[in-house]
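I have placed the structure first, in the form of structure tokens, so that the comments after it can refer back to it.
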Amino acid sequence: MTNGLALALALVVLAATLGVAVARPPYLSEALAAVAGAVLLVTVGAIGLSEAADALRALGPTVGFLAAMLLIADGCRREGLFDAMGAVMARGSQGSPQRLLAFVFVIAAAITAVLSLDATIVLLTPVVFATAAQMRTSAKPHVYACAHLANSASLLLPVSNLTNLLAFHASKLSFLRFAALMVLPTLAAVGVEWVVFRRFFAVDLRRPRRAGTRPARPKLPRFAVAVLALTLAGFALSSVLGIQPVWFATAGAAAMTIPSLYRRAATPGQLARAAEPGFLIFVLGLGVIVQAASGNGLDTAVRAALPTGGSLPALLAIAALSAIFANLVNNLPATLMLVPVAAAAGPGPGPVLATLIGVNVGPNLTYVGSLATLLWRRVLHAEETDVELGEFLRLGALTVPAGLVAATVILWLALKA
Amino acid sequence: MRALVWIIEDTWEATVAEAAAFLPSDADVTLLHVASTEAETVAGAARRGLLGRHQPPRAAPALREISEQAAHELLAEAQTRLGRPARLEARRGRVEHVVVAAAAPMDILVLARDGDRERLGPRSLGPTARFVVDHAPCCVLLIWPDVAPALTTIPPPPAPGAPQPRPSAL
């Protein structure tokens, strides 16, 4: 099979797999589609068996890390961490929508950074929605804040976003060094969101509130918080101790799940579902499919498009191209395609981190993460309600370019320091 | 007289109090609350953006249930405050469209300003109330949610010879 034909086939399989993941037909799961696509590409010789095995071996630790983090987040939910966050927000905001937004920003950014963007979107957003309903204020600014911060605050730690986990190894940074380089860019991206949100939702937020009854004092689940704190401390010390961070994540997941099993607070089946095996398989399959495309010439094309070096214009261009790419496909395949090229575009971790800024902040441009997803869902009439697209897109247009530039400039400064 | 009283979370108490004061005692009153579905759509869209993840069903209630529960509680409180029988209507959707449609068979619509009340002018009506007032198919009683402004809030006429203020772009 020629390279051109193999590349075309790999891209068709990639598009079909993403299409299944977006459309979610009842008869075919995206995990099955990704596996079938990968097997097809190996069978026809678009990717060699050993090459596919290498791709899987490279992704294995990342996927294990992801599973451990999913289990930790689910354990935090079971222990009541997210409900406690709702109580903190309700009590701290004292009936003021502006204060509520401030609490949502801090808590959503913290949950995203520590437990990943999935936790913010799946577990925190319903709590924020219920808190706004209970306060009798418009939930819109606060739910938008969760959706946006799940992306823009996910720069901070290798565990904040699957894209970071995928790039972490290639960046050759220690956990602590990654966090140190990304802390100011994260604050810049979140700061841009704050300034824009305060103006964009000014009318929703300005409504005066009368003080009602003070909500109850929140009860923080001490066990879950302690496990989280110890896991983070383990991540921070991993390079000093010479132990890979994935082992601390595994230990944290074990500490969070085994006592629940023992107390019968969770069944083995529930825990297995919480680790989302379908999603893990999907990521592995996607990795093989993208490797088939990259190995047959896509990487050359990406290399030609992506600037090299660590200068500010190069980093800005990398972040912008990554953001566009993440919006055209989705940030997962975009990361799989871009990171190997960006890692070789060094010197230093600048290009990889700029890629992450692009693929993490960029998806806020189109609220469902990518233009393809957005258009597909429109085509399939999957939205239950008629909502103006204009507002989503306007908010994205106001926050994303400014956030990308601010975060990348500060990354450049941090790299020089 | 058929009267529709549209209440929103922030200003419902003032709206209901004014409705009770101004509407004749034999008026056929309907209290309307419209839950915006926008926040639910944004939350749902963000979830679907997580490609490849089939979130297992969680113990938490769906956003729609939370929203409907809150609306029912609000309407029940509003009826108590109104102090007379009224039909309670909880609807969902694009708020301004739903309100205008619900006002079609009515003689009067009561609503509160929902904009910036610190700078009196066009923006004291937010986009939603602006649309409702402009398209209402009946007459409208527009109330101040707090104290009605004093006459002194009207700016003085410009002094002779002073530069003309530029028309503000809206």
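General remarks:
- Distance (nanometres) between label positions extended 7 Å along Cα→Cβ at A:Leu230 and B:Glu77: 4.3
- C-alpha long axis of helix A:162-171 to longest principal axis of chain A, angle in °: 60
- Distance between the modelled labels on A:Ala58 and A:Leu328, one decimal in nanometres: 2.1 nm (7 Å Cα→Cβ projection).
- Exposure proxy ranking for A:Ser238, B:Ser67, based on other Cβ atoms within 10 angstrom of each Cβ and starting from the fewest, stands as A:Ser238, B:Ser67.
- Extent along principal axes [Cα atoms of segment A:270-325; Å; largest to smallest]: 48, 27, 17
- Highest average packing first - B:142-150, A:219-227, Cβ atoms within 10 Å: A:219-227, B:142-150
- Peptides ranked, highest mean first, by Cβ atoms within 10 Å: ranges A:294-305, A:190-201: A:190-201, A:294-305
- Cross-link partners of A:Lys416 among lysines (Cα-Cα below 19 Å; sequence separation of 8 or more within a chain): A:Lys172
- Partner chain coverage, peptide A:124-134 - average Cβ within 10 angstrom: 5
- For chain A, the C-alpha radius of gyration sits at 0.98 times the compact-globule guess of 2.2 N^0.38 Å, with N the residue count.
- For segment A:33-122, applying the loop criterion from DSSP together with a ceiling of 13 other beta carbons within 10 Å to the trypsin sites (Lys or Arg not before Pro) yields no site.
- Considering helices alone, the calculated mean residue ellipticity of chain A at 222 nm is -24500 deg cm²/dmol, with DSSP H runs of length four and up weighted by -39500 (n - 2.57) and normalised per residue.
- Average other protein chain Cβ within 10 Å of Cβ, residues A:136-145: 5
- Binned Cα-Cα distance frequencies in segment A:231-304 - 10 Å width, integer %: 16, 25, 28, 23, 7, 1
- Report note on the peptides A:119-132, A:164-177: ranked by the mean count of other C-beta atoms within 10 Å, highest first, their order is A:119-132, A:164-177.
- Theoretical FRET efficiency, 1/(1+(r/R0)^6), r = Cβ-Cβ of A:Asn3 and A:Tyr27, R0 35 Å, to 0.05: 0.55
- Using alpha-carbon coordinates, inclination of helix B:63-82 to the longest axis of chain B, degrees: 50
- Within 10 Å of each Cβ in A:272-280, the average number of Cβ atoms from other chains: 3
- The angle between the Cα long axis of helix A:140-152 and the main principal axis of chain A comes to about 40°, on a 0 to 90 degree scale.
- Lys, Arg +1 and Asp, Glu -1 on Cβ, resulting dipole of segment B:1-119 about Cα centre, debye, nearest 20: 580
- Rounded Å value of the spacing that divides the Cα centres of segment B:71-91 and segment A:154-193: 49
- Residues A:Tyr262, A:Tyr27 arranged by fewest to most Cβ contacts within 10 Å: A:Tyr27, A:Tyr262
- The dipole here belongs to the protein assembly as shown: it is taken about the Cα centre, uses +1 on the Cβ of Lys and Arg and -1 on the Cβ of Asp and Glu, and is about 1100 debye.
- Gain upon complete extension [A:Arg263, A:Ala251; 0.36 nm per residue less C-alpha separation]: 2.5 nm
- Net charge of Cβ neighbours under 13 Å - reference A:Ala293; Lys, Arg +1; Asp, Glu -1: -2
- Centre separation in Å (Cα based) which lies between segment B:145-164 and segment A:32-97: 59
- Considering helices alone, the calculated mean residue ellipticity of chain B at 222 nm is -11000 deg cm²/dmol, with DSSP H runs of length four and up weighted by -39500 (n - 2.57) and normalised per residue.
- Angstrom value of the Kirkwood radius, inverse mean 1/r, which spans all Cα pairs in segment B:90-162: 14.1
The numbers here are math on the coordinates, done by the rules we state, and not lab data. Just so it is clear, the model here is predicted, and its values are computed rather than measured. Neighbour counts run over all protein chains shown; Cβ positions are idealised from the backbone, glycine included.
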